[in-house]
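What follows is calculated from the coordinates using simple rules that are stated; it is not laboratory data. Predicted, not measured: the structure shown is a model, and the values here were computed from it. As a convention, Cβ positions derive from the backbone with ideal geometry for all residues, glycine included, and neighbour counts pool all protein chains shown.
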Amino acid sequence: MPEQTTHILHMTERALWDAARAGGTYEMSTRGRTLQEEGFVHCSTRAQLPGTAAAFYADLDDLVVLVIGPALLDVPVKYEAPQPGAEAFPHVYGPIPVTAVVAVETWPAS
């Protein structure tokens, strides 16, 4: 399991991040699903990000990657596999305060 000091990443549409900045917290889980619907926010490690982008966001433009500092969260982060034997992904079990996002990167990186 990666160390807690390692940043975790969340890919999203720029408009959704802009709305979160205005409201103070980010509460989308994954494409088209909210934190309330899913129960957690799907995240990735840096190595997992290209696969996440290809699987869920390949047909979208104007994407950003939220770089999240786990130590800045006041909710649990758990590394869980989608099915037994699969690679574990970081899941954030609550809203992400905009103050926990230490950087925002464009995707694909220029």
Here region 42-56 yields Karplus 3J(HN,Hα) values (6.51, -1.76, 1.60; θ = phi - 60°; whole Hz; Gly and Pro given as x) of 5, 10, 9, 7, 4, 5, 7, 4, x, x, 4, 4, 5, 6, 10
Magnitude of the Cβ-charge dipole (Lys and Arg +1, Asp and Glu -1) of the chain about the Cα centre, nearest 20 debye, reported as 120
The farthest towards the positive end of the charge dipole of the chain, of the residues ALA20, TYR57, THR99, given +1 on Cβ of Lys and Arg and -1 on Cβ of Asp and Glu, is THR99
So, relative contact order of the chain in percent, Cα under 8 Å, 6 or more apart, is 35
Residue by residue through region 10-18, the couplings from Karplus 6.51 cos²θ - 1.76 cosθ + 1.60 with θ = phi - 60°, in Hz, x for Gly and Pro, are 9, 8, 7, 7, 4, 4, 5, 5, 4
Here the percent of antiparallel bridges among DSSP beta bridges lying wholly in the chain, to the nearest 5, is 100
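Full-extension gain between ALA58 and ARG21, please, as 0.36 nm times their residue separation minus the C-alpha to C-alpha distance. Please list the in-between numbers first.
Numbers: separation 37, 0.36 × 37 = 13.32 nm, distance 2.43 nm.
10.9 nm is the gain from fully extending ALA58 to ARG21.
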Here the Kirkwood hydrodynamic radius of the chain, Cα-based and in Å, equals 13.9
Taking the chain and counting helices only, DSSP H stretches of n ≥ 4 at -39,500 (n - 2.57) each over all residues, the nearest-500 ellipticity at 222 nm comes to -5000 deg cm²/dmol
Here region 90-102 yields Karplus 3J(HN,Hα) values (6.51, -1.76, 1.60; θ = phi - 60°; whole Hz; Gly and Pro given as x) of x, 10, 9, 8, x, x, 9, x, 4, 6, 8, 8, 8
